[in-house]
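The values are calculated or read from the model by the stated rules, or taken from the named source; none is laboratory data. What you are looking at is a predicted structure, and each value in this text was computed from that prediction instead of being measured. Note that each Cβ is placed from the backbone with ideal geometry, even for glycine, and that neighbours are counted across all protein chains shown.
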Amino acid sequence: MEGNVEVEKNHERKAAPDGRIYYSYADVHKTLENMVPEIKKFKPDLILAIGGGGYIPARILRSYLKVPILAISLELYNDATETMCSEVKKIQWFDETTEIARDMFKKKVLIVDEVDDTRTTLEYCVQEVIKTNTPRAIGVAVIHNKLKKKKGKFPANVSYFVGENVPDKWNCYPWEAVNYGHDIETHEALAAKGRA
């Protein structure tokens, strides 16, 4: 893929007793910060954040890139059952009549999510943006790429930016702490133990 920035080193952490891998806010921030130089070469005009996992990474990147954020919500995983749905559901899309979204065909769009797992959601988002807005260029940025066979594909001209390659285990991010029955302090402590 053109602009592909997959990190060579794989990121290994110890799983918590529940078998999950925990990441702290500092872990996420540092990984995104390390991605910024390559993403700046892409020169995005706007960020498209996929909710819920892409919102916080997109906001962190915005501090470095100084471009506006549009938010969308797609669903592939059922949080209540921790299972995958049969297809991606479009829950919310951005208002295409706003000043930021108008003339998207002239813009470079950076789609941001927390993890590239099966690539199903990311593929859906890329295809939907191409179909409805035809931007000048599309980039995809994820904190983590799970090292596994992907179900989805990107068109050859999509730039791909990855913070870290990680094993195919369940990742837990700090904004989800309550989903796993933890307060933020417990989550951060589990993340620290995983780094040790």
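Numbers below:
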item	result
Qualifying residue in region 103-120 (condition: modelled with pLDDT of 95 or more, exposed (fewer than 14 other Cβ atoms within 10 Å of the Cβ) and over 18 Å from the mean Cα position of the chain (by Cα))	no
Lone unmet requirement of (1) over 16 Å from VAL142 (Cα atoms); (2) under 17 Å from the mean Cα position of the chain (by Cα) for GLU96	(2)
Hits in region 47-96 - residues which are among the hydroxyl-bearing types (Ser, Thr, Tyr), free of Cβ contacts under 8 Å to residues at least 12 places away in the same chain, over 18 Å from CYS172 (Cβ atoms) and part of a strand (DSSP E or B)	SER86
Qualifying residue in region 2-10 (condition: buried (at least 17 other Cβ atoms within 10 Å of the Cβ), modelled with pLDDT under 95 and of a type in the set (Lys, Arg))	no
Filter result for THR132 (surrounded by fewer than 22 Cβ atoms within 10 Å (Cβ to Cβ) and modelled with pLDDT under 95)	yes
Which numbered condition THR31 fails, given (1) hydroxyl-bearing (Ser, Thr, Tyr); (2) surrounded by fewer than 16 Cβ atoms within 10 Å (Cβ to Cβ); (3) within 27 Å of CYS172 (Cα to Cα)	(2)
Subset of region 135-156 (residues that are buried (at least 17 other Cβ atoms within 10 Å of the Cβ) and under 23 Å from LYS43 (Cα atoms))	PRO135, ALA137, ILE138, GLY139, VAL140, ALA141, VAL142, ILE143, HIS144, ASN145, PHE154
Long-range neighbours under 9 Å by Cβ, at least six apart or interchain, first residue in contact (Cβ under 8 Å) with a residue 12 or more places away in the chain within region 117-136, second in a helix (DSSP H, G or I) and surrounded by 15 or more Cβ atoms within 10 Å (Cβ to Cβ)	VAL129/MET104; THR132/MET104; ASN133/MET104; THR134/MET104; PRO135/MET104; PRO135/VAL129; ARG136/MET104
Members of region 171-196 found to be in contact (Cβ under 8 Å) with a residue 60 or more places away in the chain, of a type outside the set (Ser, Thr, Tyr) and part of a loop (DSSP other than H, G, I, E, B), listed by number	ALA196
